[in-house]
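Structure incoming, see below.
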Amino acid sequence: MQIAKIEGETITVGYYRDLFPDTSFSTNGPNADWFVENNCLGVTVFKPHDRQTQHLISCDPYIEDNQVFTVRVEDKPVEEAAPAEGSPESAEQA
């Protein structure tokens, strides 16, 4: 499991065992109290998006909604966006 260690403005993302090699963890990994005590947050590599018109782009880690994301949502270029079902363009592709 990847976690993010927060030190001031610096966000370091890595596997919890690599970031804290001298710490013993249960088989379930770090718990909520441990995250708080060690200034860490969970890492999320997915954001909800409209797959027809948007895609995920890898990016530097950032904090949002009390978690760290390593992706952002971007609109697809018009030529890549899939036409909506039932539109004349989707009928042409069938």
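What residue among Val78, Val68, Val45 has the largest mean-square fluctuation in a Gaussian network model of the chain, using Cα springs under 10 Å?
Maximum fluctuation in the GNM of the chain, among the listed residues, is at Val78.
Something else about it: Under a 5 Å amide H to amide H cut-off, with H placed in plane at 1.01 Å, what residues pair with Val71 once short-range neighbours are removed?
Distant-sequence amide H within range of Val71: Cys59.
Here's a follow-up. Of the heavy-atom accessible surface of the chain (probe 1.4 angstrom), what whole percent is carbon and sulfur? Could the numbers behind the result be given before it?
On the way: 3170 of 6740 Å².
Carbon-and-sulfur percentage of accessible area, whole number: 47.
Tell me, in nm to one decimal, what length is gained between Met1 and Glu79 on full extension, where the rule is 0.36 nm per residue of separation less the Cα-Cα distance? Intermediate results must be reported in sequence, preceding the final value.
Numbers: separation 78, 0.36 × 78 = 28.08 nm, distance 3.64 nm.
Answer, rounded to one decimal: 24.4 nm.
Pulled fully out, how much extra length does the chain show between Phe35 and Arg72, if you take 0.36 nm times their separation in residues and subtract their Cα-Cα distance? Spell out each step's value before the answer.
Values: separation 37, 0.36 × 37 = 13.32 nm, distance 2.36 nm.
Extending this stretch completely gives an extra 11.0 nm.
Select from Gly42, Ala32, Val68 the residue farthest towards the positive end of the dipole of the chain; place +1 on Cβ of Lys and Arg, -1 on Cβ of Asp and Glu, and compute about the Cα centre.
The Cα lying farthest towards the positive end belongs to Ala32.
I need the shape label for the chain. Rule: rounded when a/c is under 1.5, else prolate if a/b > b/c, else oblate, with a, b, c from the alpha carbon gyration tensor.
prolate
Take every Cα pair under 8 Å in segment 1-76 that's 6+ residues apart, average their separations, divide by the length, and report that relative contact order as a whole percent.
Details: 107 pairs, mean separation 20.9, N = 76.
Relative contact order for segment 1-76 comes out at 28 percent.
Per residue of the chain, what 222 nm ellipticity follows from adding -39500 (n - 2.57) for every DSSP H run with n ≥ 4, rounded to the nearest 500? Don't jump to the answer; show the numbers that get you there.
Details: 3 runs with 16 residues, N = 94.
Theoretical 222 nm ellipticity from helices: -3500 deg cm²/dmol.
What residue among Val73, Val36, Val13 has the largest mean-square fluctuation in a Gaussian network model of the chain, using Cα springs under 10 Å?
Val36
What does the C-alpha gyration tensor say about the overall shape of segment 24-71? Classify as rounded when a/c is under 1.5, otherwise prolate if a/b is larger than b/c, or oblate. Can you show the working numbers first?
Working: a/c = 3.19, a/b = 2.39, b/c = 1.33.
Verdict is prolate for segment 24-71.
Now a separate question. Most mobile of Leu56, Leu41, Leu19 per a Gaussian network model of the chain (Cα springs, under 10 Å)?
Comparing Leu56, Leu41, Leu19 in a Gaussian network model of the chain, the most mobile one is Leu19.
Please report, in debye to the nearest 20, how large the charge dipole of the chain is about its Cα centre when each Lys and Arg carries +1 at its beta carbon and each Asp and Glu carries -1 there. Don't skip to the answer; put the middle values down first.
Numbers: 6 positive and 17 negative charges, 68 e Å.
The dipole of the chain has a size of about 320 debye.
The values are calculated or read from the model by the stated rules, or taken from the named source; none is laboratory data. Small disclaimer: the values here were computed from a predicted structure and weren't measured. All Cβ positions, glycine included, derive from the backbone under ideal geometry; neighbour counts span all protein chains shown. Please note that ligands, DNA and RNA were not included when accessible areas were found on the heavy atoms of the full protein model with its side chains. Shrake-Rupley method; radii C 1.70, N 1.55, O 1.52, S 1.80 Å.
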